[in-house]
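Here is the structure we will look at.
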Amino acid sequence: MIAEFGFLVAAAVLVGYVFVSMGRLMAGPTTPDRAVALDTINTLVVATMVLLGTAFGQVVLVDVAIVYALLSFIATLYIARYLEGGLR
Amino acid sequence: MKVFLYLLLAIGAIFNGLGAFALIRFPDVYTRIHGATKCTTFGSIFSILAVVIYGFVKGGGEGGTLAIHALLALFFLLITNPTGSHALARGAHRAGVRPVGAVVDRLEEKE
């Protein structure tokens, strides 16, 4: 079963969506807009890492994706607490 | 079997794209949280499910390890993504960002 090329194409498409989300990260009018864009980029990067680990046959990249998911969750919670404390 | 994997990957890519374009097109922080988080979570379920099925079908030590670890990544993603966006929405509301065009705001009345 040679399906690795399909995984590679799907990962390339998701990287394109990361660049689309970066538009909101740069142009967001308020700070929560940028935080939401960062959260979306983190989710897309986790999915891309799992797909790339499958495409190249490296299971280590999937482990990196697990750690990345947990660390990005902690970063999102930290930004949310910072916003709650009052920004202006 | 390969067609089924490609179908799962296509569904995942389409829903992730809907999430990214919701982030660009929606007018408000809260609608952006809604669209982006829901669509990327749903699309990532299908993308990682394709990896899990590929690993289980491939079998052996490497395929089994790949499937279990991808399933673990999907589990953590499903727990952390809605929680993070919920905290982000609450933080945005407390920071003073109001919904565009909202007629009533019960959370503000309660606080």
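Just one of (1) farther than 27 Å from A:V15 by Cβ; (2) among the small types (G, A, S); (3) at the interface with chain A (Cβ under 9 Å from one of its Cβ atoms); (4) assigned to a helix (DSSP H, G or I) fails for B:A50. It is (1).
The selection criterion, being in contact with a Ser or Thr (Cβ under 8 Å, 6 or more places away or on another chain) and not charged (D, E, K, R), does not hold for A:A55. Can you work out which of the residues in the range B:22-36 that are in a helix (DSSP H, G or I) and more than 7 Å from every other protein chain (Cβ to nearest Cβ) is surrounded by the fewest Cβ atoms within 10 Å (Cβ to Cβ)? In this case the residue turns out to be B:R25.
Which of the numbered conditions does B:I11 fail, given that it passes all the others? Conditions: (1) at pLDDT 90 or above; (2) at the interface with another protein chain (Cβ under 7 Å from one of its Cβ atoms); (3) surrounded by fewer than 22 Cβ atoms within 10 Å (Cβ to Cβ). Going through (1) at pLDDT 90 or above; (2) at the interface with another protein chain (Cβ under 7 Å from one of its Cβ atoms); (3) surrounded by fewer than 22 Cβ atoms within 10 Å (Cβ to Cβ) one by one, B:I11 breaks only (2). Restricting the first member to the range B:41-69 and to residues that are basic (K, R), and the second to residues that are crowded, with 20+ Cβ neighbours inside 10 Å and in a helix (DSSP H, G or I), the beta-carbon pairs closer than 8 Å and six or more apart or on different chains are B:K58/B:L66.
Could you please let me know if B:F76 is facing chain A (nearest Cβ under 7 Å), part of a helix (DSSP H, G or I), surrounded by fewer than 23 Cβ atoms within 10 Å (Cβ to Cβ) and under 12 Å from the mean Cα position of the chain (by Cα)? Give the derivation first.
Numbers: facing chain A (nearest Cβ under 7 Å): yes; part of a helix (DSSP H, G or I): yes; surrounded by fewer than 23 Cβ atoms within 10 Å (Cβ to Cβ): yes; under 12 Å from the mean Cα position of the chain (by Cα): yes.
The answer is yes for B:F76.
The values are calculated or read from the model by the stated rules, or taken from the named source; none is laboratory data. In this text the structure is predicted, and so the values were computed from the model without any measurement. With ideal geometry, Cβ positions are generated from the backbone for all residues, glycine too; neighbour counts draw on all protein chains shown.
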